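First comes the structure, then the notes that go with it.
The values are calculated or read from the model by the stated rules, or taken from the named source; none is laboratory data. Being a predicted model, the structure only gives us computed values, none of them experimental. Note: ideal-geometry Cβ built from the backbone for every residue, glycine included; neighbour counts use all protein chains shown. With ligands, DNA and RNA removed, areas are computed over all heavy atoms of the protein, side chains included. Shrake-Rupley method; radii C 1.70, N 1.55, O 1.52, S 1.80 Å.
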Amino acid sequence: MILCRLVMAGALTILQAMPASAGVLSGREFQNLIAGGPEGTTIVFQGGTDKIFYSPSLKNRLRQSGELGTEFLKQKILQNTVTEGTFIGATIESGKWRTISGIAGIAADADSGHGVLTLLQTFPEDTTIKAFQKRDRLYAVVIVEDAPGGVVCRRSQWERLFALKGEPRLTTVPCEFTVGNAVTPTAPR
C-alpha cells in the first residue's frame with residue numbers, strides 16, 4: 001500500500017503544517033459547504049479557468065468496485081475522512097482544456113479540525129487495490145478559508161503521487177462555490 005501511504009503522508013503533512021487560523025474551515029464545515037446537496041458543488045477558482053466539481057453521491061467505476069468502494073479513502077488512506085465522493089477537475093493549459101477525474105475526500109485534522117479536500121486521479125482499470133497501486137496518478141489538495149477579504153482557497157497544483165517529496169506548495173486564490181456541475185454541465189434538452 002505504498003500509494004496509500006504517499007497520499008496519507010501528503011495530506012497529513014499539509015494538515016500539520018497549517019498555522020492555527022480561526023478562518024480555516026473545519027472538516028465538517030467544508031463537508032457542509034460542498035457536500036451538502038445531492039447535486040454536488042463546483043469550486044471556481046479566480047478567473048474561472050480552473051474548476052473542480054465534487055459530488056458526494058455520484059459513483060465512478062472505482063467507487064462501485066467491491067475492493068475500492070465508497071469507504072476506500074477512509075478505510076485505506078485517511079482514517080480521519082469525514083466524507084468521500086468523486087470529482088472532475090478542469091483547467092486550461094496551453095490554451096486547451098484539460099480534465100482530471102477521480103475520487104476525493106474531505107479529512108479533518110484530529111488536533112485542529114482543519115478540513116482538507118484531497119483529490120486523487122483514478123482510471124477505468126482501477127478495479128482492485130493491486131491495479132490501483134500499479135499506476136502513478138495525479139493528486140491535489142484544497143483548503144478553504146474565510147478571510148477578511150472574502151472566501152479564499154489554498155490549493156496545490158496537480159502533482160504526480162510517486163514523485164511526492166515533502167508537502168505540496170499551496171497558493172491562495174479567491175474562489176467561489178456554485179451548486180451543480182459547472183465543469184461538464186449536461187446539455188439542455
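Return P(r) of the stretch 74-158 (all Cα-Cα pairs; 5 Å bins starting at 0; whole %; ordered from short to long distances).
Result returned by the calculation: 3, 12, 19, 22, 20, 13, 7, 3, 1, 0.
Which of the aspartates and glutamates could be linked to Lys96 by a straight reach, that is with a Cα gap under 20 Å, when you skip same-chain ones fewer than 8 residues away?
Within the straight-line cut-off, Lys96 pairs with Asp50, Glu159.
Leaving out same-chain residues fewer than 8 places away, which lysines sit with a Cα under 27 Å from that of Lys165?
Lys51, Lys74, Lys76, Lys130, Lys134
Along the charge dipole of the stretch 58-189, Cβ charges K/R +1 and D/E -1, which of Val82, Ala131, Gly166 sits furthest on the positive end?
The residue sitting most towards the positive pole is Ala131.
Of the accessible area of the stretch 98-189, with the probe set at 1.4 angstrom, what percent is carbon plus sulfur? Numbers along the way, then the final one.
Working: 2440 of 4740 Å².
After summing per-atom areas, the C and S share lands at 51 percent.
Loop only per DSSP, at most 15 neighbouring Cβ atoms within 10 Å: give me the GluC sites (Glu not before Pro) in the stretch 54-126, ordered by residue number. Could you put the intermediate results ahead of the total?
Working: sites: Glu67, Glu71, Glu84, Glu93, Glu125; in loops: Glu67, Glu71, Glu125.
For GluC sites (Glu not before Pro) across the stretch 54-126 that sit outside H, G, I, E and B with at most 15 neighbouring Cβ atoms in 10 Å, the list reads Glu67, Glu71, Glu125.
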